[in-house]
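J.: Pasting a structure below so you can have a look.
The values are calculated or read from the model by the stated rules, or taken from the named source; none is laboratory data. Just so you know, these numbers come straight off a predicted model, no measurement behind them. Here the Cβ positions follow ideal geometry from the backbone for every residue, glycine too, while neighbour counts run over all protein chains shown. Surface areas here come from the heavy atoms of the whole protein model, side chains and all, with no ligands, DNA or RNA. Shrake-Rupley method; radii C 1.70, N 1.55, O 1.52, S 1.80 Å.
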Amino acid sequence: MKLCKFTFNEPLSLHTSMKVGGPAKIFARPQSIDSLICCYKQLPHSKILGKGTNVIAPDEGVEAVITTLDLKRIYLLEDGKVVCEAGTLLNSLCKFACQYGLSGLEFAYGIPGTVGGAVYMNAGAFGGEIGQLVDFVEVFDGEKVLTLQRDELEFSYRKSIFQKTNWLILKVGFRLKFDDPKQIAKRMGEIYKKRLQTQPLDLPSAGSVFKRPKPDFYVGKAVESLGLKGLRIGGAEISKKHAGFIVNVGNASANDVKALINFIRQKVKEAYNVDLEPEVEIW
Ligand SMILES: Cc1cc2nc3c(=O)[nH]c(=O)nc-3n(C[C@H](O)[C@H](O)[C@H](O)COP(=O)(O)OP(=O)(O)OC[C@H]3O[C@@H](n4cnc5c(N)ncnc54)[C@H](O)[C@@H]3O)c2cc1C
């Protein structure tokens, strides 16, 4: 079995895309699926971290974090199915699928997280959702390894069964369709261009802060309509480019971000009588 690397009092601001979060007393980087399971058995109350692109980690820190980032092997099966380890970056998976002429994941190109984080969140963009492509997920439930089929995973808009369990996502199998790699690459390029045009990718953020509360309610537009673009609390700012994002404009704390989230919720509730639910995971 490959080993697990440990560091102590590791600042989570180094491991979250929002660049906030105090120390993890224990920070574990398992080097294989077996050692991930072993770590989880030893540290059952650990927080699981992929690329940290959807997490607001607390300023006071946490006891223990296990990151999947070193578990990134991708396999192509004979029947065209793709299986990858939970720490595989979505972008690497998209490029792999494109190389082998496998289509379906184009919408996900540019989502900066891991496959484990994407399945946990049922990440989606431009009309696609990761859950639609999942064939099976191999999980560790704290005692044993199970293989669950897509219809057991309760995928819906930014939701999955993983949000109400403590299961560890180990590997994910995808069912994709064959297509011309050049066409797939073209679609990926177009999607990426749209992201560059609309999202504040030059500043630290955790992506869209809130879920869309109903299909025809666009949070960014609502926040913009209230004149809140550019509003700051400490180092956290409502993005001037996309009001659905909060960006870290310099040394924001997690408390700054959380205060800004609460402020936006309150203003949107007052103006539109709509309750916003965070899409970001607030630890
Ligand atoms: C600039 C930017 C753009 C974004 N655009 C999009 C977008 O278009 N669509 C979208 O849906 N999201 C978007 N996001 C949010 C984010 O990238 C996705 O939700 C991503 O899938 C999260 O993956 P991660 O590895 O970073 O997860 P993390 O942030 O590390 O973790 C998220 C949650 O998943 C859990 N988790 C992670 N791995 C596992 C595992 N192996 N087993 C069990 N639980 C696990 C964590 O405990 C945590 O609760 C964006 C973020 C940024 C910064």
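J.: So, with a 1.4 angstrom probe, what is the percent of accessible area on the chain that is carbon and sulfur?
T.: After summing per-atom areas, the C and S share lands at 51 percent.
J.: Turning to a different aspect of this structure: With the Cα gyration tensor of segment 74-196 in hand, give its eigenvalues times 5 under a square root as the equivalent ellipsoid semi-axes, listed largest first in whole angstrom.
T.: Square roots of five times the eigenvalues give 24, 16, 11 Å.
J.: Using Cα-only point scatterers and the Debye equation, what is log10 of I(q)/I(0) for the chain at each q in 0.08, 0.10, 0.13 Å⁻¹, rounded to two decimals?
T.: Taken in order of the listed q values, log10 I(q)/I(0) reads -0.34, -0.54, -0.91.
J.: With 10 Å bins from zero, work out the P(r) of segment 4-67 over every alpha carbon pair and list the percent per bin.
T.: Using 10 Å bins, I get a P(r) of 25, 55, 19, 0 for segment 4-67.
J.: Which part of segment 90-107 falls in the paramagnetic zone of ASP79, meaning amide N under 18 Å from the point 7 Å along Cα-to-beta-carbon?
T.: Hits in segment 90-107 for ASP79 at 18 Å: 102-103.
J.: Starting from the Cα-Cα distance between GLU270 and PHE126, subtract it from 0.36 nm times their residue separation and give me the gain in nm to one decimal.
T.: Stretched fully, the GLU270-PHE126 segment lengthens by 48.9 nm.
J.: For GLU277 and GLN183, what does the FRET efficiency come to when R0 = 35 Å and r is the distance between their Cβ atoms, rounded to the nearest 0.05?
T.: It comes out at approximately 0.45.
J.: Turning to a different aspect of this structure: Tell me the label-point distance for the pair LYS25, ASP70, using the 7 Å Cα-to-Cβ offset, in nm and rounded to one decimal.
T.: Those two pseudo-labels are separated by 2.3 nm.
J.: Give the relative contact order (percent, whole number) for the chain; include only Cα pairs under 8 Å separated by 6+ residues.
T.: Here the relative contact order equals 17 percent.
J.: Related question: Place +1 on the Cβ of every Lys and Arg and -1 on the Cβ of every Asp and Glu in segment 74-196, take the dipole about the Cα centre, and give the residue among VAL83, PRO181, TYR192 whose Cα lies farthest towards its positive end.
T.: Farthest along the dipole direction, towards plus: TYR192.
J.: Per DSSP H run of at least 4 residues, take -39500 (n - 2.57); add these up for the chain, divide by its residues and hand me the 222 nm value, nearest 500 deg cm²/dmol.
T.: After summing the helix terms and dividing by the residues of the chain, the value is -8000 deg cm²/dmol.
J.: Here is a follow-up. Greater than 27 Å separation of Cα atoms is the criterion. Which listed pairs, LYS41/LYS164; LYS159/LYS186; LYS164/LYS258; LYS25/LYS164; LYS214/LYS240; LYS19/LYS47, meet it?
T.: LYS159/LYS186
J.: May I pose another question? For the chain, with a Gaussian network of springs between Cα atoms less than 10 Å apart, report the residue from GLY101, GLY142, GLY227 with the top mean-square fluctuation.
T.: GLY227
J.: How far, in nm, would the chain grow between GLU154 and LYS214 when pulled straight, counting 0.36 nm per residue and subtracting the alpha carbon separation?
T.: 19.7 nm
J.: At 1.4 Å probe size, what's the solvent-accessible area of ASP151? Round to the nearest 10 Å².
T.: 140 Å²
J.: Looking at GLN42, GLN31, CYS94, which one has the Cα that reaches farthest to the positive end of the dipole of the chain (charges on Cβ: Lys, Arg +1; Asp, Glu -1)?
T.: Of GLN42, GLN31, CYS94, it is CYS94.
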